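Q: One structure coming up, written as structure tokens, with questions to follow.
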Amino acid sequence: MKISTKSIAMVSVMAAMTIVATFLDKAYSQGLVAVGGAALAICELICVVMVSLLFNKFVYSAIGGLLFGVSSFIAAFIFPNVLFQNPLVSIVPRLFVGITGFGAYKLAKLLSDAYLAFVEKTKLNIAVPIAALTLAVVGMIMFFVFSGAEGLMFFLGLSGFVLLIILIGGMTPAVVAVSRKCDEKVIELFRLGIGAFFTVVANTAFVLPMMFLVSGQYQTLSDVYAILTVMNFLPELLITTISSPIVIMGVRRGLRLGIDGKPRIKAASEISDIPDAPTDSSVSAENDTEDTDTEEKI
């Protein structure tokens, strides 16, 4: 595989951004821990989602997870954390985080296309997805208040409700898109939101079991989820899922990429600005003129 200088430079920039994001997380987390809070990885996760989905290419999703793991491993020595100094906790689980998010993003593309086809066929009114979205939010609130679920079950229940809200929310822009009141950008935000959601879920789902296996401070795997789901997972999930799509769309626009992250095709107006190359007819016409001038001189 041929690696261009541009690709090397891009990966270097991504690595620098990931390291900076890691140190930002560590910096503000020191204050949170001091007041009884938890260390978060919000900036890291947003950065990883951006690296993994920005160019809509699988290789960058693998790079995103690798950079996430390596930066966490390095930070564990600067901000001492014995558990994450073990690469089985800091690096190995993160190798699959970006890949999972990228796969979910690709599946969301198929899902959004199905939404559009369904809405066009049924002429669904926008009141239906809004009402369903309201019920999903109410259901999540009731789950918090009345379920009494703990540990792994709370993690699964919370993830399920957030995913349900995202899926129902994706129907809303489909309805609006069919009625020609929004463009492809809104649908792409939904796809990126799905990718961001599963990136965060994968990070928690893969890292916490490794923490349980390597560390002796937790009695059961359920204890790990009970302690870290509310303190870490919930804020990381909500903030990353909401913020990442907006950040990615902004960066794509800055890099002059298409809405889907692929190189933008030049418009006809841009092509017309390029000076036309001489055609065979024009060249022959110039030659005929030169021949005529030569005959007149003779």
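The values are calculated or read from the model by the stated rules, or taken from the named source; none is laboratory data. Keep in mind the model is a prediction, meaning the values are calculated, not measured. Using ideal geometry, Cβ is built from the backbone for each residue, glycine included, and neighbour counts are taken over all protein chains shown. What goes into the accessible areas is simple: the full protein's heavy atoms, side chains included, and nothing from ligands, DNA or RNA. Shrake-Rupley method; radii C 1.70, N 1.55, O 1.52, S 1.80 Å.
Q: Output the number of residues of the range 133-149 satisfying the condition of being at positive phi and either at pLDDT 85 or above or surrounded by 14 or more Cβ atoms within 10 Å (Cβ to Cβ) (or both). Even if it seems obvious, please write down each step before you answer.
A: Of the range 133-149, the ones at positive phi are 148.
When the remaining residues are screened for being either at pLDDT 85 or above or surrounded by 14 or more Cβ atoms within 10 Å (Cβ to Cβ) (or both), the result is none.
Summing the residues that are at positive phi and either at pLDDT 85 or above or surrounded by 14 or more Cβ atoms within 10 Å (Cβ to Cβ) (or both) in the range 133-149 gives 0.
Q: Now for a different question. Spot the failing condition for THR122; the list is (1) within 24 Å of LEU237 (Cβ to Cβ); (2) open to solvent by 60 Å² or more (accessible area, probe 1.4 Å), and only one is missed.
A: Against the list (1) within 24 Å of LEU237 (Cβ to Cβ); (2) open to solvent by 60 Å² or more (accessible area, probe 1.4 Å), THR122 comes up short only on (1).
Q: Looking only at helices (runs of 4 or more DSSP H) that lie completely in the range 198-289, which have at least 1 residues being out of contact with any helix residue (DSSP H, G or I) (no Cβ under 9 Å at 6 or more places or on another chain), at pLDDT 90 or above and open to solvent by less than 70 Å² (accessible area, probe 1.4 Å)? Don't jump to the end; show me each part of the working.
A: Details: elements: 221-228, 234-254, 268-272.
It comes to 234-254.
Q: Where residues in the range 154-185 are open to solvent by 60 Å² or more (accessible area, probe 1.4 Å) and free of Cβ contacts under 8 Å to residues at least 24 places away in the same chain, which of them is farthest from GLU120 (Cα to Cα)?
A: Within the range 154-185, the match that is farthest from GLU120 (Cα to Cα) is LEU156.
Q: Can you find even one residue in the range 104-125 that is in contact (Cβ under 8 Å) with a residue 12 or more places away in the chain, of a type outside the set (Lys, Arg) and not in a helix (DSSP H, G or I)?
A: yes
Q: Does ASN86 satisfy being free of Cβ contacts under 8 Å to residues at least 12 places away in the same chain and either under 30 Å from THR18 (Cβ atoms) or touching a helix residue (DSSP H, G or I) at 6+ places or on another chain (Cβ under 6 Å) (or both)?
A: Here the answer is no, as ASN86 does not meet what is asked.
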